[in-house]
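**Q** The structure's right below; bear with me while I get my questions together.
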Amino acid sequence: MTESNTKQHIISSEKLEEDNFYYRESALMTSTGSWYIDFENKKSYWDDITRSILEFPLEFVPSLRMAKSLYAKEHQAFIANTFFECGISGIPFDVEIIMITANNRKFWARVIGKPVYNSEEKIIGVRGVFQDIDDIKQKEINLEKTSDIVASQNSRLFNFAHIVSHNLRSHSSNLTLIVRLINELNTVEEKLELLDNIKNVSDSLNTTIEHLNEVVTIQTNSNQHKEDVSFSTTLEQVTTSINQIIDTNRATINSDFSKAESIHYIPAYLDSILLNLITNAIKYKHKDRDPIITISTSLDYKNNDRIVLKISDNGSGIDMEKFGSKLFGMYKTFHYNADARGIGLFITKNQIESLNGEIQVESEPNIGTTFTIKF
């Protein structure tokens, strides 16, 4: 090798070493690892940064068999299909999924992959990179939650303002009208007859104010003491308090709290939520069958293992197309029961949302109703 060629070789080696240094620094600073799946040799290759991010030792040798365990259960089917489409059809991908490290730590990752072709244009593997984006994703999720909370609070504020302006104005208008009629009547007997009307309007006004005060109390008490509350214990307390109603209506209540036995919550709120939804299920039972109520808990793996409570019944059901948008409104009723007041679901929704939860409902007339609460 001539002296000129030797110098050129040294310069090239130094340049390669410098490029590798910048590559590693960039990969480390951005938490980006690279990988390759070799279809021909049925092997998987990781760089050291991938091993570091996934918390495996540097000498660890990955295999295709353990690939599934790197992803959260709820994303395994999706990522398997994604790799399949890339390996078979050559469709590149850029996805955000939850991965799991060797120490069982979950984190959000951005995974980018593309097919690798041989000289005959046959796909022989998939290569790509993945990046730890957990901090960014958590901020994004928290921002979405905050946005949802603000939207929910604005909605409740608007609803509350509407109730105050509409319902109180209705009562005051009735009182004004009755007083005007009393002034226009000539005999004492006729005036006395209207006094009963004043009492009725006064009672209705007092009830409305009590309900509004209850809503305000929910918002101001949402920061009160929370503690670990047992679902089964709370259910037992509720069923004991309404035992006569349950027996009279021959209601059956089945429960399964094995997936989540307790929750850190305001005890009075959980008691109120179960009481309202169970009594509603009994009150609006189907005329041709005894009420069966099923209550269970689960975990929402897609949302940081949030506890989910489901309460289902086989009652009359609700026409969701007709009443769905009004279901949780104050003084909204959807059955012809004489004792329906339309306040229970409104209170329940406010209690749940005041602690940043959400409630959803699925229902079909003559089939039944399911309430899903995500705490």
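**Q** Could you check the stretch 272-297 and list, in sequence order, the residues that are touching a helix residue (DSSP H, G or I) at 6+ places or on another chain (Cβ under 7 Å) and in a loop (DSSP other than H, G, I, E, B)?
**A** Answer for the stretch 272-297, where residues must be touching a helix residue (DSSP H, G or I) at 6+ places or on another chain (Cβ under 7 Å) and in a loop (DSSP other than H, G, I, E, B): just Pro291.
**Q** In addition: Among the residues of the stretch 351-365, how many are buried (at least 20 other Cβ atoms within 10 Å of the Cβ) and free of Cβ contacts under 8 Å to residues at least 24 places away in the same chain?
**A** Final tally of qualifying residues: 1.
**Q** Let me ask something additional. Of everything in the stretch 126-168 that's among the aliphatic types (A, V, I, L, M) and within 24 Å of Asp48 (Cα to Cα), which residue is modelled with the highest pLDDT? Working first, answer last.
**A** Kept after step one, since they are among the aliphatic types (A, V, I, L, M), are these residues of the stretch 126-168: 126, 129, 133, 136, 141, 143, 149-151, 157, 161, 163-164, 168.
Among the residues that remain, those that are also within 24 Å of Asp48 (Cα to Cα) are: 126, 129, 133, 136.
Values: Val126: 92, Val129: 89, Ile133: 88, Ile136: 84.
The residue in question is Val126.
**Q** Return a yes/no flag: does the stretch 301-316 have any residue that is among the acidic types (Asp, Glu), under 16 Å from Ile359 (Cβ atoms) and either outside the structural domain of Asn350 (by TED's automatic domain parsing) or crowded, with 21+ Cβ neighbours inside 10 Å (or both).
**A** Taking every residue of the stretch 301-316 in turn, at least one turns out to be among the acidic types (Asp, Glu), under 16 Å from Ile359 (Cβ atoms) and either outside the structural domain of Asn350 (by TED's automatic domain parsing) or crowded, with 21+ Cβ neighbours inside 10 Å (or both).
**Q** Within the stretch 91-104, is even one residue part of a loop (DSSP other than H, G, I, E, B) and over 16 Å from Arg51 (Cα atoms)?
**A** Yes; the residues of the stretch 91-104 include at least one that is part of a loop (DSSP other than H, G, I, E, B) and over 16 Å from Arg51 (Cα atoms).
**Q** Which one of these does Glu85 not meet: (1) in a helix (DSSP H, G or I); (2) under 29 Å from the mean Cα position of the chain (by Cα)?
**A** Against the list (1) in a helix (DSSP H, G or I); (2) under 29 Å from the mean Cα position of the chain (by Cα), Glu85 comes up short only on (2).
**Q** Exactly one of (1) surrounded by 12 or more Cβ atoms within 10 Å (Cβ to Cβ); (2) farther than 13 Å from Gly113 by Cβ; (3) modelled with pLDDT of 90 or more is unmet by Thr82. Its number?
**A** (2)
**Q** A follow-up question, please. Taking into account only those residues within the stretch 108-130 that are out of contact with any Phe, Trp or Tyr (no Cβ under 9 Å at 6 or more places or on another chain) and surrounded by 19 or more Cβ atoms within 10 Å (Cβ to Cβ), which is farthest from Lys43 (Cα to Cα)? Lay out the reasoning, then the answer.
**A** Let us first name the residues in the stretch 108-130 that are out of contact with any Phe, Trp or Tyr (no Cβ under 9 Å at 6 or more places or on another chain), namely 108, 115, 117-122.
Now restrict to residues that are surrounded by 19 or more Cβ atoms within 10 Å (Cβ to Cβ): 108, 115.
On the way: Trp108: 25, Pro115: 15 Å.
Per the stated criteria, the residue is Trp108.
The values are calculated or read from the model by the stated rules, or taken from the named source; none is laboratory data. Remember, predicted model here, so these are calculated numbers, not experimental data. Here the Cβ is made from the backbone with ideal geometry for all residues, glycine too, and neighbour counts use every protein chain on show.
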